[in-house]
1. Please report, ordered by residue number, the helices (runs of 4 or more DSSP H) entirely within the range 44-157 with at least 1 residues that are more than 26 Å from E189 (Cα to Cα) and open to solvent by less than 10 Å² (accessible area, probe 1.4 Å).
2. Filter the range 156-185 down to residues that are away from the ligand (no atom under 15 Å from the Cβ) and in contact (Cβ under 8 Å) with a residue 40 or more places away in the chain and give me whichever is farthest from E4 (Cα to Cα).
3. Consider S13 carefully, then state whether it is touching an Asp or Glu at 6+ places or on another chain (Cβ under 7 Å) and at pLDDT 95 or above.
4. Quick one: in the range 200-235, which of the residues that are open to solvent by 40 Å² or more (accessible area, probe 1.4 Å), in a loop (DSSP other than H, G, I, E, B) and of a type outside the set (D, E, K, R) is farthest from I279 (Cα to Cα)?
5. Looking at (1) without any contact (Cβ under 8 Å) to a residue 60 or more places away in the chain; (2) within 14 Å of the ligand (Cβ to nearest atom); (3) more than 15 Å from the chain's Cα centre (by Cα), find the lone condition where T77 falls short.
6. Does the range 162-175 contain any residue that is open to solvent by less than 50 Å² (accessible area, probe 1.4 Å), hydrophobic (A, V, I, L, M, F, W, C), in contact with a strand residue (DSSP E or B) (Cβ under 6 Å, 6 or more places away or on another chain) and under 16 Å from K193 (Cβ atoms)?
7. I'm checking my understanding of the structure. Among residues of the range 5-43 that are away from the ligand (no atom under 16 Å from the Cβ) and assigned to a loop (DSSP other than H, G, I, E, B), which one is surrounded by the fewest Cβ atoms within 10 Å (Cβ to Cβ)?
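The values are calculated or read from the model by the stated rules, or taken from the named source; none is laboratory data. Note that this is a predicted model, so its numbers are computed, not measured. A quick note on method: Cβ atoms are made from the backbone with ideal geometry, for glycine too, and the neighbour counts reach across all protein chains shown. To get the accessible areas, we keep the full protein, side chains included, count just its heavy atoms, and leave off ligands, DNA and RNA. Shrake-Rupley method; radii C 1.70, N 1.55, O 1.52, S 1.80 Å.
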Amino acid sequence: MIRERKDGSVAFSCEVFPPKRNDDIYEIYKTLDSIKLLKPDFISVTYGAGGSNSKKTAQIAAYIQNICDVEALAHLTAVGMDENGLKSLLFELKKKGVRNVLALRGDRPKTMTEEEYENRYYRYAADLIPEIRGTGDMFVAGACYPEIHPESPSAEEDLKHLKEKVDLGLDCLITQMFFDNDTFYRFIERIRKAGITVPVHAGIMPITRANQLGTSVSLSGSSVPLALSLLIAKYSDNAEDMKKAGIEYAVNQINDLKAHGVEGVHIYTMNKADVTMEIYEETFK
Ligand code: FAD
């Protein structure tokens with residue numbers, strides 16, 4: 001099981017996602033074989049809300065746990081899940097030796113109607129936590145949003161629900177990606193004041209291709225500061241320079257977070273081992 005650091009040093013972790021095509025599973029294994037050399041505290045694997053790819057999430061988590069010998073954190077989503085589905089997924093993970101999960105609500109998948117979504121069995125990530133805790137010894141992480149969750153009416157409302165979620169028994173939080181550290185520092189101040197004491201791992205997404213802004217970043221709802229958009233505008237025609245500049249931006253973000261006493265840094269690797277390793281060299285080595 002994941003053990004949070006207690007000595008004041010900064011935890012380093014990564015996220016990968018299952019490949020779309022079954023044939024590409026060996027590509028992610030190759031990526032993991034490289035990332036494991038950095039000895040991360042854990043590697044998380046995403047889960048398709050509604051259950052798509054769920055078998056691959058468990059399969060890749062098992063590879064991380066048993067072959068890479070790194071703690072695997074399997075994401076799972078409430079959307080599309082019922083009690084039996086949750087029980088059998090947890091059983092499957094435990095059978096594979098995976099004892100860490102990131103409990104999420106998920107968003108409405110395209111294959112689900114509005115009505116199906118509205119009538120879902122588990123409404124929020126919080127609803128999963130007592131059930132997961134009830135199955136015995138597991139490490140349970142949750143998501144949080146330094147810029148507030150896009151559907152939330154206010155920062156106060158979002159914080160209230162975050163506190164409820166943590167109080168149900170979360171071991172740590174992992175943030176949505178953010179590109180302005182001051183937003184993160186203000187968020188940490190707010191949640192600590194509200195009595196949330198669990199470790200928070202700061203989610204860092206290296207922007208190494210200009211088109212990431214139109215995909216993962218816009219889906220996340222995270223805002224892009226002027227400095228980053230200027231950088232993208234400057235290098236968008238030169239893939240090599242864009243990659244270098246994106247790595248440098250992430251490195252600066254991480255070194256500043258470390259200087260401000262962050263508890264953990266979680267890299268959204270986009271399955272790119274080379275980018276992750278370069279960032280690690282400049283920040284943790
Ligand atoms: P929740 O904590 O349930 O919150 C969702 C919204 O509901 C918030 O606005 C919250 O304020 C509100 N809320 C909570 N409780 C209540 C209540 N009782 N009454 C009223 N409102 C309430 N998605 C995937 O599909 N697969 C993944 O693998 C995945 N990995 C992720 C990893 C991280 C680190 C993060 C930050 C996000 C990830 N997501 C993933 C996206 C996530 O599923 C979405 O952001 C989703 O919209 C919210 O999930 P949540 O677990 O934060 O939801």
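1. Here the list reads 54-62, 83-95, 125-134.
2. For the range 156-185, the residue satisfying everything is D180.
3. Values: touching an Asp or Glu at 6+ places or on another chain (Cβ under 7 Å): yes; at pLDDT 95 or above: yes.
Yes, satisfied.
4. Restricting to residues being open to solvent by 40 Å² or more (accessible area, probe 1.4 Å), in a loop (DSSP other than H, G, I, E, B) and of a type outside the set (D, E, K, R), the top hit is G221.
5. (3)
6. So far as the range 162-175 goes, yes, one or more of its residues are open to solvent by less than 50 Å² (accessible area, probe 1.4 Å), hydrophobic (A, V, I, L, M, F, W, C), in contact with a strand residue (DSSP E or B) (Cβ under 6 Å, 6 or more places away or on another chain) and under 16 Å from K193 (Cβ atoms).
7. D7
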